[in-house]
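Enquirer: Below is a structure I'd like to ask you about.
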Amino acid sequence: MTPRSSALAVPSECVLVRGEASCRCAQDACRLTDQQILVRATDKFRWQQRGTSAGAVAARIGLDELLAHARKHRPSPLVSELLRMCILLRILDPVRTAPGHPDAETVEAEVEALLLEYTELAELDDDPRRLGEAATLRAHRTAVFHQGENALTDTAVAHAILTELTAPGPHEDPAEWSRLLSRSLNGLVLVLLKLGSHELADEVSQRAITVSEGGASLMDRLVLQLNRVRLQLSWALRLERGGRDAAAATRFVGAAQTAQTAARLWAAAHGLPEGGTEAIEECSIIGAAYSLKQPAPEHLEMLVALEPMTNFTEDRIMLAIATARCLLAAGGPGDAAAALAPLHHELRKSTPDAVLALALHREFARMDELAHGAPRRSDALASYAEALEAELWALREARLTALRSHSEHHRLAREHGAVAAQALQDPLTGLPNRRALDMRLVEATTTPALQPCAVALIDLDRFKDVNDARSHAAGDAVLREVAMCLRTILRSQDLVARYGGDEFVVVMPATPLPEARAALQRATDAVAALPADVAAGVTMSVGVVRAPLDGEPEVALAAADAAMYRAKHSGGNTVVTGTVHAGRVMSTVPSSAATVPPE
């Protein structure tokens, strides 16, 4: 990651969290490490979910500005994390995504553009987890802006990819892998809930919790348990609608038990003593789970207090139903209907979650009938309602079958595609190989939109000594570490390929030569700073040129090669620029020179 050892004179958190009106993270970004930027972004993302509407706007602007900075200066994993937050911030906005809102089309277009960028980065980095998360985000987007049925394919793709990931790669930190995968699986759970696929959501939820035990934080584990409570409550309400009251009661009990686990994690995550009532009094979904297990008047004070601090529509529905059932238990069917009426009216215009919205409408109809002593429905109307519920249940079963079928189909397709992809990948480093490089060079030197395009050739200094003094296995380990360092330090749009032996080629589209040279110098410094037990003290000699439009890629590579030898002859561990003109190398200039060759 980009080193920023001087990043100590700036606040550790976003000032929005401390109550200021606007975000300053973009101005501070040049003094922040990648990790500090990620902390700031996470601060904003979590804070805006419970902040005012003005605060949500400020958080969105702040995240967008951080993303703009990262695109220019930071590696692709950080850019991807910021993209993910920017996408979710828009998708989860209940106001701007509501049908008929003047901003809805603009928000949808923004999400589409951000999703495309996120997917491209995941494909460039060949990161299966992020590819699965991209599919989840697409499904979530479709479920919010369109009809849930259209989200089935993307959900199945996400399920096929994410549930196949069973262990971290050889260069991945196991704890970080566990944290990120459990988070991705959690996102899939939320989409499956929107589709009413509770059985599949249950499987994925249990998998996410198991994975999280390998390294997720207390807060991450708390989120997983809270969403499992939501899953079981939604499932119970769906079972009630289908006339499966005994199965529903079992789910309500399960939700209450999971809520107990969540309450313990809540206390630990917030530094509170275990056994206190803070989680019940501050978290609406925990309070709703306890109350729905056995509705009673004694829960009412707690439920009423939770209402103002409940933001998500899904949580508001569950809290409202819990409140209504406790009011009914207190002998007040009229009060129960009145508690549901505002949300019932609101959801007639907007239905963010069809499963829960139907549960709310059913609950209101039941309470309203009890409150007004309405006559019993006719047998014909009762039969119609039963037939409608049976049809909806059958549709849900068909959707679940389709999801499983699509997921298996995509899994098989991925297995076939993986074989084809191996032909373009260097097996030692995982980087693109010569064949993939040739394809990218042709594209970069024939596409005006990718100009100016810089091409660099890298040779490792003293690498032969590693093979001779240690072993070829040690040399292979060094090549893998250098490859990972290059891929991490350089930008997401830069192609890093293994050219052969201890040589690498970097293709940097839409990058002027001075910017390319500066980025490669940062990469050179990063490799030189690798610990001796990791990289055996190797450094890099780098030659970089601008590849002319419609020029021969071989000529650009030859010019970069000549510049690289100039770097090596000057002592190595440096970057030298060269110029290609009329198919010949005209000049080479070391990176420390005061002048830069003309573009």
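Enquirer: Kindly give Rg over Rh for the range 237-295, based on alpha-carbon atoms, with the Kirkwood expression for the hydrodynamic radius.
Expert: Working: Rg = 13.1 Å, Rh = 12.1 Å.
Value, to two decimals: 1.08.
Enquirer: Moving on. I need the shape label for the range 144-263. Rule: rounded when a/c is under 1.5, else prolate if a/b > b/c, else oblate, with a, b, c from the alpha carbon gyration tensor. Spell out each step's value before the answer.
Expert: Working: a/c = 2.55, a/b = 1.37, b/c = 1.86.
In terms of gyration-tensor shape, oblate.
Enquirer: Follow-up. Of LEU303, ILE285, ALA357, whose Cα points farthest to the positive end of the dipole of the range 279-362 (charges on the beta-carbon: +1 Lys, Arg; -1 Asp, Glu; origin at the Cα centre)?
Expert: Toward the positive end, the furthest listed residue is ALA357.
Enquirer: Sticking with this structure for a sec: Taking the Cα centroid of the range 495-527 and of the range 237-303, what is the distance between the two, rounded to the nearest whole Å?
Expert: Each part reduced to its Cα centre gives a spacing of 54 Å.
Enquirer: Accessible area, 1.4 Å probe, largest first: how do LYS72, LYS194 sort? Before the final figure, lay out each step's value.
Expert: Numbers: LYS72 140, LYS194 40 Å².
Sorted descending by solvent-accessible area, the residues read LYS72, LYS194.
Enquirer: Using a 1.4 angstrom probe on the protein heavy atoms only, line up ILE91, ILE209 by accessible area, largest first. Spell out each step's value before the answer.
Expert: Working: ILE91 5, ILE209 30 Å².
I get ILE209, ILE91, largest accessible area first.
Enquirer: Sticking with this one: Using label points projected 7 Å from each Cα along Cα→Cβ, tell me how many nm separate ALA305 and ALA518, to one decimal.
Expert: With each label point 7 Å from Cα toward Cβ, the separation is 5.5 nm.
Enquirer: Considering the dipole of the range 46-173 built from charges on the beta carbon (Lys and Arg +1, Asp and Glu -1) around the Cα centre, which of LEU115, ALA104, THR166 is farthest to its positive end?
Expert: Towards the positive end, the residue furthest out is ALA104.
Enquirer: On to the next question. Quick one: which of 514-526, 129-141 comes out on top by average Cβ neighbours within 10 Å, and what's the full order, highest first? Spell out each step's value before the answer.
Expert: Numbers: 514-526: 19.6, 129-141: 25.2.
The most tightly packed comes first, giving 129-141, 514-526.
Enquirer: Using modelled amide H (1.01 Å from N, peptide plane; none on Pro or chain starts), what sits under 5 Å from the amide H of TYR499, excluding residues fewer than 5 places away?
Expert: PHE504, VAL505
Enquirer: Could you tell me what percent of the accessible area of the range 235-379 is made up of carbon and sulfur, with a 1.4 Å probe and every protein chain present? Numbers along the way, then the final one.
Expert: Details: 3660 of 6940 Å².
Carbon and sulfur atoms account for 53 percent of the accessible area of the range 235-379.
Enquirer: How large is the charge dipole for the range 85-240, taken about the Cα centre, if only the Cβ atoms of Lys, Arg (+1) and Asp, Glu (-1) carry charge, to the nearest 20 debye? Working shown, then result.
Expert: On the way: 14 positive and 25 negative charges, 137 e Å.
Dipole magnitude for the range 85-240 comes out near 660 debye.
Enquirer: If we sort 318-329, 362-373, 273-284, 288-299 on the protection proxy, mean other Cβ atoms within 10 Å, highest first, what's the order? Each step should come with its number before you reach the end.
Expert: Working: 318-329: 24.4, 362-373: 16.9, 273-284: 15.3, 288-299: 20.9.
Ranking the peptides 318-329, 362-373, 273-284, 288-299 by packing returns 318-329, 288-299, 362-373, 273-284.
Enquirer: Using each residue's phi in the range 126-139, evaluate 6.51 cos²θ - 1.76 cosθ + 1.60 at θ = phi - 60° and report the 3J(HN,Hα) Karplus result to the nearest Hz, with x for Gly and Pro.
Expert: Going residue by residue, I get 6, 9, x, 4, 5, 5, x, 5, 4, 5, 4, 5, 5, 5 Hz, with x marking Gly and Pro.
Enquirer: To the nearest Å, what is the center-to-center distance of the range 95-120 and the range 67-87, using C-alpha atoms only?
Expert: Cα centroid to Cα centroid, the span is 18 Å.
Enquirer: Could you check the simple spin-label distance between ASP126 and HIS372, using points 7 Å along Cα→Cβ, in nm with one decimal?
Expert: Distance between the two pseudo-spin positions: 6.5 nm.
Enquirer: Sorted by accessible area with a 1.4 angstrom probe, largest first, how do LEU162, LEU38 fall? Show your work: numbers first, answer last.
Expert: Working: LEU162 0, LEU38 35 Å².
Largest accessible area first, the list is LEU38, LEU162.
Enquirer: Still on this structure, please answer the following. Would you work out the charge dipole size for the range 205-333 about its Cα centre, treating the Cβ of every Lys and Arg as +1 and the Cβ of every Asp and Glu as -1, and quote it to the nearest 20 debye?
Expert: Values: 12 positive and 13 negative charges, 125 e Å.
With Lys and Arg at +1 and Asp and Glu at -1, about 600 debye.
Enquirer: May I pose another question? Mind checking the per residue accessible area of the range 1-145 for me, 1.4 Å probe, whole number of Å²? Mind dumping the intermediate values first?
Expert: Numbers: 6290 Å² over 145 residues.
So the range 1-145 comes to 43 Å² accessible per residue, rounded to a whole number.
Enquirer: Please report, in debye to the nearest 20, how large the charge dipole of the range 509-572 is about its Cα centre when each Lys and Arg carries +1 at its beta carbon and each Asp and Glu carries -1 there. Don't jump to the answer; show the numbers that get you there.
Expert: Numbers: 5 positive and 7 negative charges, 49 e Å.
Charge dipole, the range 509-572, about its Cα centre: 240 debye, nearest 20.
The values are calculated or read from the model by the stated rules, or taken from the named source; none is laboratory data. Source: prediction; values computed, not measured. With ideal geometry, Cβ positions are generated from the backbone for all residues, glycine too; neighbour counts draw on all protein chains shown. With ligands, DNA and RNA removed, areas are computed over all heavy atoms of the protein, side chains included. Shrake-Rupley method; radii C 1.70, N 1.55, O 1.52, S 1.80 Å.
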